[in-house]
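Scroll down for the structure; my scribbles are underneath it.
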Amino acid sequence: MLLVAATTGVDQPAMAISALVGYLVLLTWETVAVSKGAEKELEWSSN
């Protein structure tokens, strides 16, 4: 993302804010799923 922002004419603060908002949305989504009882099956731990 930093490479894209540095090599193109993308507004860097807007890109940083959108990345942060995207991260917070995914974190919230995961938190809600876990609080409802969803459990993630980790491939590397299911041997």
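Taken together, the values in this text are just the output of simple stated rules run on the coordinates, not laboratory data. Since we're looking at a predicted model, the values are computed, not measured. Here the Cβ is made from the backbone with ideal geometry for all residues, glycine too, and neighbour counts use every protein chain on show.
Points worth noting:
- Packing rank of 16-26, 31-41, where each peptide gets the mean count of other beta carbons within 10 Å, highest leading: 16-26, 31-41
- Overall dimensions of the range 7-47, expressed as equivalent-ellipsoid semi-axes from the Cα gyration tensor (√(5λ), whole Å, largest first), are 32, 15, 4.
- Nearest-ten-degree value, helix 12-35 long axis tilted from longest Cα axis of the chain: 10 degrees
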